[in-house]
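Below: the structure, in structure tokens.
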Amino acid sequence: MPVWLREHSWRQSLSAVYLSLPLRGARATAANIFCSEQYLKVSIPPFLFEAVLYAPIDDTNSTAKIGNGDIFFTLYKKEPAMWDSLTLANADKEKLQHLRENAVLKAQEKAKEETEAKKITKQENKKYALEATMKLEEAERKRIEDLKEKERQKVTKELELWKNQQKDGDKYKSIQAKEELHEEKEPLKERKNEKMNKTRVPNEGSSKTRLRSTRGRGSCSIFSQDLKEEQLPAPRAAATIEVTFTPRVFPTALRESRVAEEEEWLHKQAEARRIINSDLSELEDLKEEEKNPDWLKDKGNKMFAMGDYLGAVNAYNLAVRLNNKLPLLYLNRAACHLKLRNLHKAIEDSSKALELLTPPVPDNENARLKAHVRRGTAFCQLELYTEGLQDYEAALKIDPKNKIIEEDAEKIRQLIQGTMQSS
Amino acid sequence: MSAVLGPERPQVVSHVQQALSYTVFDCKWVPRSARLMCLGSAARGTGVIQLYELHGARLEVLREIEKPKPIKCGTFGATSLQQRYLATGDFDGNLNIWNLEAPEIPVYSVKGHKEIINSIDGVGGLGIGEGAPEIVTGSRDGTVKVWDPRQNDTPVANMEPAQGESKRDCWTVAFGNAYNQEERVVCAGYDNGDIKLFDLKTMSLRWETNIKNGVCSVEFDRKDINMNKLVATSLEGKFHVFDMRTQHPTKGFASVSEKAQKSTIWQVRHLPQNRDIFMTSGGSGSLHLWKYEYPAQRSKKDSEGSEMGVAGSLSLLQNVTLSTQPISSLDWSPDKKGLCVCGAFDQTVRVLIVTKLNKI
């Protein structure tokens with residue numbers, strides 16, 4: 001239930017009504033006041049004041065002053081007349097309700113219209129601003145263009161001038177040359193000695209300014225040519241300078257290298273060197289050199305070369321136990337297994353080697369090639385020709401120019417076709 | 001990097017643009033004239049030399065010469081002002097010197113290299129510098145050879161990879177330090193980033209360094225003075241300016257480098273009238289005009305007491321994008337300050353004028 005504020009006081013003049021409403025301690029803001037043409041309401045919960053006015057007022061121009069614990073309304077009448085009372089006295093409930101609703105609706109409409117109008121003006125303003133800026137920018141651009149044009153024309157004119165002078169100079173010089181060639185040599189030489197100093201100086205002087213003085217140049221050039229021929233040194237004694245180029249770990253220039261991958265590969269190799277999977281108890285009775293995977297690898301290679309495949313496998317096994325990250329060990333062991341016809345083991349070892357030979361870089365091309373070929377051979381000997389062919393093709397991709405691999409790949413293809421036809 | 005005020009900056013004005021029917025690899029001004037030379041390769045695989053003259057706002061073709069092999073580079077550097085013979089290197093490794101009045105038979109010809117001659121430079125001609133006129137060529141076969149037009153068939157100096165050494169393409173060569181009759185130096189840039197400085201007087205390697213990316217172009221600021229500055233441009237938009245006055249025994253020459261354009265910097269050319277201004281041309285079709293400022297002291301002593309150079313600083317005066325294709329060749333006119341020609345891979349040659357260079 002709202003608390004009605006009834007203690008208002010008012011007075012009027014012909015054109016305005018002054019209404020004072022004490023607020024009894026409540027604070028009011030503009031939002032609490034609702035006013036339309038014939039209806040006035042102040043609602044500060046729980047307080048409420050409303051008045052259905054005697055006659056319509058001009059609500060846009062009317063003001064409300066909030067302060068000092070009360071609100072002071074200045075309402076401008078639509079029609080200047082003296083009111084009998086502030087509110088319509090005999091208003092029954094329905095009429096009041098009706099009026100209230102109307103008032104609200106009207107207020108809403110007005111609000112809507114106002115926003116519309118504001119929007120439109122805003123848009124127009126924006127458009128105007130835009131056009132103004134565009135005009136300014138156009139003007140600026142034009143100004144710059146004009147400047148450039150002027151420069152261009154000025155420069156073109158200068159160029160033409162210079163060029164014409166050049167042409168004249170050339171013509172003059174050629175005439176001069178012809179004239180002087182007709183003269184005899186001796187007077188030329190005499191004059192050379194006298195005039196040399198004189199004509200040299202004006203020539204150098206004029207080189208500082210824009211153009212050459214044609215006459216001086218004409219005669220001087222012939223003289224200077226003679227002089228120059230006398231003064232030119234003999235051709236240099238032939239010699240060769242040997243050059244070396246900056247070495248790189250990978251012999252490719254920055255633009256060609258795939259640095260990231262190469263770094264990875266180098267890193268991996270370095271790591272691999274450092275690993276020692278040691279099983280100390282078993283290895284205690286081995287000699288120092290037998291604990292070195294590289295030495296063991298060399299031993300294995302030697303035994304392989306001599307045909308002692310089992311011995312080579314043993315050497316590689318021990319090396320792997322010491323350091324299982326060196327791809328070459330697996331690679332060589334695969335070769336041994338191939339010779340020993342341990343085909344499955346050969347495949348295993350080649351695969352392990354290939355695994356360790358990632359990322360694929362030019363440095364480990366050779367090793368990868370061998371791994372593919374060995375695995376391919378093992379597959380073929382197991383009659384798994386398709387897998388074998390796959391490996392051979394991978395090998396071909398690494399080294400397309402290898403004839404042997406190409407021939408072998410062909411043979412396998414034909415074998416496959418042969419078996420397919422017969423089955 | 002200091003900035004020059006807006007309206008006072010040099011402007012690059014495009015004066016003439018000419019579409020060509022062949023790929024232009026090199027363009028050069030004919031000295032003492034308003035004529036220019038374009039060298040390149042026609043679609044049918046033959047070489048083209050075209051001579052143009054500047055007429056107002058157009059380029060007029062004066063002469064067109066066709067040769068059996070495409071031509072990669074050319075120079076007027078080793079001829080006298082009267083003769084104005086053009087020395088060219090072609091795709092087959094031949095070095096030829098042509099008299100443009102009678103271009104059917106070359107004045108000098110030698111099959112200098114086994115592969116394409118990438119770059120050529122000449123010194124001793126045009127009234128610049130002293131000493132014998134010489135031509136240097138750098139080729140994909142990794143060798144750099146110096147030729148004297150008076151000596152047939154054999155080079156007077158040959159810089160080749162040592163026996164058994166793998167070769168790297170030589171992409172650019174330049175002469176320098178030719179301030180008297182004996183002194184001369186050749187600088188060569190290779191595709192693996194090596195820059196080597198050969199002293200022709202002592203026939204030895206004077207200095208080498210590696211700037212990691214392939215070197216597209218090297219140029220001394222002047223050929224005919226005691227070597228002062230060397231600019232080397234490379235792939236990936238970087239270029240280095242070396243101060244060549246002070247050589248430290250281990251550290252070599254001091255340098256400042258700048259990464260300007262996102263793509264390869266194809267060429268660098270110093271303004272003939274002011275040796276501290278140079279223009280670089282890039283793979284994105286843009287030209288940048290730079291000015292080098294010297295440091296307060298060009299050399300200082302290091303901890304052991306040996307002299308060490310101090311590099312200065314660079315400021316960008318102007319940049320402009322002319323094309324979408326790389327601008328592969330650039331040449332300033334030695335006669336008119338600010339006039340330059342550039343040739344791009346979009347088969348156009350453009351004549352540009354750079355203004356306000358007097359105010360720098």
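Bear in mind that the values in this text are calculations on the coordinates, not laboratory data. All figures in this text were calculated on a predicted structure; none of them were measured in a lab. FYI the Cβ positions are ideal-geometry reconstructions off the backbone, even for glycines, and counts take in every protein chain you see.
Of the trypsin sites (Lys or Arg not before Pro) in the range B:259-329, the ones in a loop by DSSP (not H, G, I, E or B) with at most 16 other beta carbons within 10 Å are B:Lys262, B:Arg298.
Using only side-chain charges placed at the Cβ, +1 for Lys and Arg and -1 for Asp and Glu, the dipole size of the range A:91-170 relative to its Cα centre rounds to 280 debye.
Taking other C-beta atoms within 10 Å as the exposure proxy, A:Asp363, B:Asp221, B:Asp153 rank B:Asp153, A:Asp363, B:Asp221 from fewest upward. Sorted ascending by nearby beta carbons within 10 Å, beginning with the fewest, A:Met303, A:Met134 become A:Met134, A:Met303. Taking other residues whose beta carbon is less than 11 angstrom from the beta carbon of B:Asp141, and scoring Lys, Arg as +1 and Asp, Glu as -1, yields +2.
Here the calculated FRET efficiency for A:Leu105 and A:Val3, from their Cβ-Cβ distance with R0 = 25 Å, stands at 0.40, rounded to the nearest 0.05.
The dipole here belongs to chain B: it is taken about the Cα centre, uses +1 on the Cβ of Lys and Arg and -1 on the Cβ of Asp and Glu, and is about 780 debye. Which of the pairs A:Lys268/A:Lys370; A:Lys78/A:Lys110; A:Lys325/A:Lys403; B:Lys114/B:Lys212; A:Lys370/A:Lys397 have their Cα atoms more than 22 Å apart in this structure? Those over the limit are A:Lys325/A:Lys403; B:Lys114/B:Lys212. Using the Cα centre of the range A:20-70 as origin and beta-carbon charges of +1 (Lys, Arg) and -1 (Asp, Glu), tell me which of A:Leu23, A:Pro56, A:Ser36 is placed farthest towards the positive end of the dipole. So the residue furthest toward the plus end is A:Leu23. Return the inverse of the average 1/r over all pairs of distinct C-alpha atoms in chain B, which is the Kirkwood hydrodynamic radius, in Å to one decimal. Hydrodynamic radius (Kirkwood, Cα pairs) of chain B is 20.5 Å.
Note on A:Asp294 and B:His55: their simple-model spin labels are 7.7 nm apart, each label 7 Å out from Cα toward Cβ. With a Förster radius of 25 Å applied to the C-beta separation of A:Lys95 and A:Ile120, the computed FRET efficiency comes to 0.10.
For A:Asp349, B:Asp302, the sequence from fewest to most other C-beta atoms within 10 Å is B:Asp302, A:Asp349.
Comparing B:Thr280, B:Val186, B:Thr246 along the charge dipole axis of chain B, the residue lying farthest to the positive side is B:Thr280, per the Cβ-charge model. Taking the Cα centre of the range B:107-210 as origin and assigning +1 to Lys and Arg Cβ atoms and -1 to Asp and Glu Cβ atoms, the resulting dipole is close to 140 debye.
Partner lysines whose Cα lies under 16 Å from the Cα of A:Lys157, excluding those fewer than 8 positions away in the same chain, are identified as A:Lys148, A:Lys167, B:Lys336, B:Lys337, B:Lys356.
Using a simple spin-label model with pseudo-atoms 7 Å out from Cα toward Cβ, A:Ser351 and B:Arg44 lie 6.2 nm apart. Using C-alpha pairs below 8 Å separated by at least 6 residues, the relative contact order for the range B:284-347 is 34 percent. Of the GluC sites (Glu not before Pro) found in the range A:330-396, the ones in coil according to DSSP and having at most 16 other Cβ atoms within 10 Å of their Cβ are A:Glu383. For the range A:314-388, the relative contact order comes to 28 percent (Cα pairs under 8 Å, sequence separation of at least 6).
Each listed q (0.15, 0.19, 0.20, 0.27 Å⁻¹) maps to a log10 I(q)/I(0) for the range A:91-170 from the Debye sum over equal C-alpha point scatterers, namely -0.79, -0.91, -0.94, -1.10. Within the listed set B:Lys238, B:Lys114, B:Lys251, the Gaussian network model of chain B (springs between alpha-carbon atoms below 10 Å) gives the highest mean-square fluctuation for B:Lys251.
Sparse packing (at most 10 other Cβ atoms within 10 Å of the Cβ) combined with a DSSP loop state is found for none of the GluC sites (Glu not before Pro) in the range A:1-72.
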